[in-house]
Amino acid sequence: MKYNTHKGLLEAALFMSSEPMSLDKLSKITGVNSLGYLKGALLELKDEYENRGVHITETAQGWSFQVDRQHLDKVADLTPHSDIPEGQKRTLALIAYKEPVAQSEIIKIQGNKTYAYIKELTAKGLVRAERDGRTKILTLTQEFERYFGGEKEKVREQLIAKLGKRAESVQESMVDAQFEKINMNRA
């Protein structure tokens, strides 16, 4: 294959993927074994997209297309964030609502399946989990802001407005969990 054909295939793969792609994945797709060659082609593509509405970026997870930050707030609502499963969305909403929040609090509300959700959200770079004694403290990241198209305070306000009564019931569930914990310790 010619160099331009490889660049076109890389561009198509990045466009179609909902997740960042590693050089190894891109190597399998293109059939090119030289990671240096692929990285060079990706860097050229990155330069070509520099002054456009989308650009190519490299993160710890791999290479991907991203909407330019100056346009993100105007187009973010065009995608329903379909690459995040419902369980992860609920977990992310709880974290956004209570940030910073202990992982143990989120687990009490949603159960043990939440460990996997938090692990995935951390791998996607949306949540940071820092050890604090026997639990972890969960906070949102800049990637969260980029992904949702705004500062986390604005996203949190929108979330609270959308949740309305559900946000109050989440708060009540957390209070109930704390009382249950206190009662268990007394027994």
Fill in: Search result, residues across region 70-88 that are modelled with pLDDT of 75 or more and either surrounded by fewer than 14 Cβ atoms within 10 Å (Cβ to Cβ) or farther than 21 Å from residue 129 by Cβ (or both)
70, 71, 85, 86
Worksheet entry | Conditions (1) surrounded by fewer than 18 Cβ atoms within 10 Å (Cβ to Cβ); (2) in a helix (DSSP H, G or I): number failed by residue 125 | (2)
Worksheet item: How do the pairs read when you match residues in region 8-36 that are within 10 Å of residue 65 (Cα to Cα) with residues anywhere that are among the basic types (Lys, Arg), using Cβ under 6 Å and keeping only pairs 6 or more apart or on different chains?
Response: none
Discussion item. Within region 49-56, does at least one residue satisfy the condition of being buried (at least 16 other Cβ atoms within 10 Å of the Cβ), more than 27 Å from residue 13 (Cβ to Cβ) and among the hydroxyl-bearing types (Ser, Thr, Tyr)?
Written reply: no
Worksheet item: Looking only at region 1-49, which residues are more than 13 Å from residue 62 (Cα to Cα), modelled with pLDDT under 90 and not in a helix (DSSP H, G or I)?
Response: 1, 2
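The values are calculated or read from the model by the stated rules, or taken from the named source; none is laboratory data. Note that the structure is a prediction, hence the values are computed from the model and not measured. Glycine also receives a Cβ, built like all others from the backbone with ideal geometry; neighbour counts cover every protein chain displayed.
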